[in-house]
1. What does the net charge come to around Glu46 if you take all other residues with beta carbon closer than 13 Å to its beta carbon, with K and R at +1 and D and E at -1?
2. For Lys80 and Lys196, compute 0.36 nm times the residue count separating them, minus their Cα-Cα distance, and round to one decimal in nm.
3. Can you give the angle from 0 to 90° between the axis of helix 5-33 and the longest principal axis of the chain, with both taken from C-alpha atoms, to the nearest 10?
4. Which of Ile139, Ile29, Ile159 moves the most in a Gaussian network model of the chain with Cα springs under 10 Å?
5. With a sphere of radius 10 Å drawn around the Cβ of Arg133, what net charge do the other residues whose Cβ falls strictly inside it have (Lys, Arg +1; Asp, Glu -1)?
6. Quick one: Cα centre-to-centre distance for the range 20-96 and the range 124-197, in angstrom?
7. Taking the Cα atoms of the range 129-197 alone, what are Rg (to one decimal) and Dmax (as a whole number) in Å?
8. With a point put 7 Å past each Cα toward its Cβ, work out how far His143 is from Thr3 in nm, to one decimal.
Amino acid sequence: MKTTYYERMFNPCLYLIAQSIFLFLLGNICSLLTELPASLNLLEMELFLNELADTTFKASLICLCLTFLLIGIEGFQRLKNDTLANLYQSIKQTLMIRKFLKQRRTDNPAVIAMDTPAILKNYVRSDFNSAVRQAIVNIQTNHITATLRIPDFQQSQAILRGMEAHIREELSSINPDYYFSGATRKGNLLIFVGNKR
């Protein structure tokens, strides 16, 4: 199954937004620090911090512009073939399904230090959560595709396989107008397809 532009660009756009926010905050910190060398008469340090602040602000702006460009391309494609409401719902449901699938720590940290199998549980949970961060829900006019990356560890895969019915039920409850079939595996992806009733 061929991946769509939305599925390929969702994670890079999230990364660019996070990078833009980080660079903007770093630029603000550098701007605040320029006042300290001014009071200490350290002209070279002040010039360096001003230059660093300007550079981080420009890099933040470039990341933000690139994000808007990538989102704009998807928006134009959706306007031609679909609706922008479906793009919004795709983004919203992608974030919702990632939150739903994320495994949280339920064991006692004091036990982990003494118990080797508990350490393995942390690796399994980490592997599973890493795979879940790649989940994508793509809503289009007549069908919905939910794509999940299969984790690397066998134990993590067992968790995902055990959740298939729950995932299908969650997708069905969010989208009552669609009927979801069982998951199919294609390579390292687990794909749920929902067709309009």
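Every number here is computed from the coordinates shown, using simple stated rules; none is lab data. Because the structure is a prediction, the values reported are computed rather than measured. Reconstructed Cβ throughout: ideal geometry from the backbone, glycine too, with neighbour counts over all protein chains shown.
1. With Lys, Arg at +1 and Asp, Glu at -1, the neighbours total -4.
2. Full extension from Lys80 to Lys196 adds 39.7 nm.
3. Orientation of helix 5-33: about 20 degrees from the principal axis.
4. Ile29
5. It works out to a net charge of +3.
6. 32 Å
7. Computed over the Cα atoms of the range 129-197, radius of gyration and Dmax are 11.9, 36 Å.
8. Placing both labels 7 Å beyond Cα along the Cβ direction yields 1.8 nm.
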